[in-house]
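Each value in this text was obtained by applying a stated rule to the coordinates, not by laboratory testing. None of these values were measured; they are calculated from a predicted model. Cβ sites come from the backbone with ideal geometry, for glycine too, and all protein chains shown count toward neighbours.
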Amino acid sequence: MLYNQKDINVAHKHKTFPIIKAINEYKTEYKVKPISKIKLFENYCKRYNGLMLDHMDVDFFTKYMLMYIPRYSLELSGKEIKRHLLYIHELLGFINKKYHYDLTEAYKKLYMSNFEELSRVIYIRRSLQRFTETPVISFSPMVINLQSYKNHRDQPVIGQKKMIYEQGLFEVIEILGSYVVLKKKTSEMFIKLKIDKKVTNDMHVKDMMHMRIKRKLFYTTWDIIELKQYYSNQVGCYL
């Protein structure tokens, strides 16, 4: 359904035009093909019921760039992610032209300040997959380590009984070469991981890891079973 000028004038006055309806207008007018070029952003917007134009503020875009994209677009290459973010700028230009609500400059500043951090988080997220029991070792292109999968599948149950398991959100406290010390957010528990120094060089203090981990009895170093998410230290206030 297309909206007439009266609807748009009212929306401009109250800044309450629904974002999803604005996206649908954009897709219709620009004949967006493939729609997947903004589908990721559209799905993000749909997570918020009744989202209006004036809700698209700094926090909204920061959480999208540094939290949502790293979690839901690991299969995309760096060039594809950059292209996707530029498509959003095009969408915001359309919104400004159609609904007289300008977000383009604010978005451009966030893009410039966050893209390097987004790239860092995605690099670490992908690199850490090699240290987990998840057999995926590459997302673009998709590559699965069959030997890792077989080893995990064939792991004897007897050995599993000698393991200690934990899960939750852990904050990076200290980085010592290839060792990373983390603290569980909900307790005073500290853990130590051993990771390739090429990866730890790009990790920052106060980054966070949401993961399942294990360690053998009498060992001090933990192993990652599953890394659910890696968070930049810039989004700690949202967690």
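Inside the range 185-211, can you point out the residues that are of a type outside the set (A, V, I, L, M, F, W, C) and over 19 Å from MET67 (Cα atoms)? Step through it out loud before you land on a result.
Filtering the range 185-211 for residues of a type outside the set (A, V, I, L, M, F, W, C) gives 185-188, 192, 194, 196-198, 200-202, 204, 206-207, 210.
Passing the criteria: THR186, SER187, GLU188, LYS192, LYS194, ASP196, LYS197, LYS198, THR200, ASN201.
Scanning the range 221-237 for residues that are assigned to a strand (DSSP E or B) and in contact (Cβ under 8 Å) with a residue 60 or more places away in the chain, which turns out farthest from the chain's Cα centre (by Cα)?
Restricting to residues being assigned to a strand (DSSP E or B) and in contact (Cβ under 8 Å) with a residue 60 or more places away in the chain, the top hit is ASP223.
Given LEU91, LEU103, LEU110, LEU53, which one is surrounded by 14 or more Cβ atoms within 10 Å (Cβ to Cβ), under 16 Å from SER232 (Cβ atoms) and of a type in the set (A, V, I, L, M, F, W, C)? Talk me through it step by step, then tell me what you get.
Working: LEU91 fails: under 16 Å from SER232 (Cβ atoms); LEU103 fails: under 16 Å from SER232 (Cβ atoms); LEU53 fails: under 16 Å from SER232 (Cβ atoms).
Exactly one residue qualifies, and that residue is LEU110.
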Restricting attention to the range 168-189, and to residues there that are over 23 Å from the mean Cα position of the chain (by Cα) and farther than 20 Å from LYS228 by Cβ, which single residue is surrounded by the fewest Cβ atoms within 10 Å (Cβ to Cβ)?
GLU188
